[in-house]
1. Measure nothing fancy, just the Cα-based angle from helix 32-42's long axis to the longest principal axis of the chain, in degrees from 0 to 90, nearest 10.
2. What residue among Lys68, Lys166, Lys80 shows peak mean-square fluctuation when the chain is described by a Gaussian network model with Cα springs under 10 Å?
3. For the chain, what is the Kirkwood hydrodynamic radius in Å, using each pair of distinct C-alpha atoms?
4. What does the net charge come to around Ala53 if you take all other residues with beta carbon closer than 14 Å to its beta carbon, with K and R at +1 and D and E at -1?
5. Mind jotting down the distance between the C-alpha centroids of segment 163-182 and segment 69-88, whole Å?
6. Can you tell me the 0 to 90 degree angle between the C-alpha axis of helix 150-159 and the longest principal axis of the chain, rounded to 10?
7. About its Cα centre, what dipole magnitude does the chain give when the only charges are +1 on Lys and Arg Cβ and -1 on Asp and Glu Cβ, stated in debye to the nearest 20?
8. Go ahead and estimate [θ] at 222 nm for the chain from helices alone: -39,500 (n - 2.57) per DSSP H run with n ≥ 4, summed, over the residue count, rounded to 500.
Amino acid sequence: KPILIGITGGIGSGKSTVARIFSILGIPIYYADDRAKWLMENNENLIAGIKAAFGEESFFENGKLNRKFLSTEVFGSPEKTKIINNLVHPAVKKDFEAWSSSQNAPYVLKEAALLFETGSYKELDKIITVTSPIKVRINRVLMRDPHRSEEQIHAIIDQQMPDEEKTSNSDFIIKNTDNKLLIPQVLKLHESLLKLV
Ligand code: ATP
């Protein structure tokens with residue numbers, strides 16, 4: 001079975017970009033946030049759980065998730081946020097376990113924005129955090145997602161665990177600043193991770 005490595009970082013830190021470099025090296029990547037969205041529309045148990053907790057209106061007739069309805073439901077409600085998280089996270093955990101144990105690789109990466117916040121870090125052997133200065137992150141996200149405002153990005157950053165707390169709980173740190181090249185850092189880390197096997 002492969003070693004399980006988590007990779008996280010705040011919005012716009014570059015964690016998906018780093019994960020893509022690992023993917024070029026042949027490392028299987030589990031994109032937890034994308035997979036969670038997929039499971040919410042395709043995992044029968046999860047669908048039933050969401051309908052039981054939030055009502056049939058959580059889904060459209062065609063089976064697509066009514067994201068607008070759900071996000072309005074959970075917005076500003078810690079109780080409802082907890083309910084949805086307690087439905088989604090166990091489903092992702094199970095799915096990741098099944099996926100990772102079937103991968104033929106020395107290690108696999110689980111990429112997630114909220115690796116610490118969801119408790120998912122406990123199921124992983126090592127954690128990588130990608131950091132970059134807030135100003136750089138905001139500019140990158142503004143370029144990538146033109147529909148988002150600077151205020152919206154700030155609000156998301158404020159909801160996430162601060163970088164200092166993430167890095168102090170991580171085994172490896174990748175600094176994705178404009179003056180530090182990403183690829184050499186990933187190659188070096190890849191070598192270190194192979195030595196763990
Ligand atoms: P999110 O949590 O929003 O998914 P993320 O941490 O996965 O963000 P990425 O999507 O990897 O971040 O990066 C944000 C944007 O910045 C992307 O458009 C990416 O191409 C760009 N980017 C990331 N790192 C660099 C870099 N070193 N140089 C130039 N552009 C970069």
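1. Approximately 30 degrees, to the nearest ten.
2. Top of the fluctuation ranking is Lys68.
3. Working: mean 1/r = 0.0556 Å⁻¹.
Computed over Cα pairs of the chain, the Kirkwood hydrodynamic radius comes out at 18.0 Å.
4. Details: positive: Lys51, Lys80, Lys82; negative: Glu56, Glu57, Glu73, Glu79.
Charge balance in the 14 Å sphere: -1.
5. 30
6. Here the helix axis deviates by roughly 90 degrees.
7. Working: 26 positive and 25 negative charges, 113 e Å.
Roughly 540 debye for the chain.
8. Numbers: 9 runs with 106 residues, N = 197.
Calculated from helices alone, the mean residue ellipticity at 222 nm is -16500 deg cm²/dmol.
Read the figures in this text as sums done on the coordinates, not as results from a lab. A quick note: this is a predicted structure, and the numbers were derived from the prediction, not measured. When we count neighbours, we look across all protein chains shown, and the Cβ atoms used for this are built from the backbone with ideal geometry, even at glycine.
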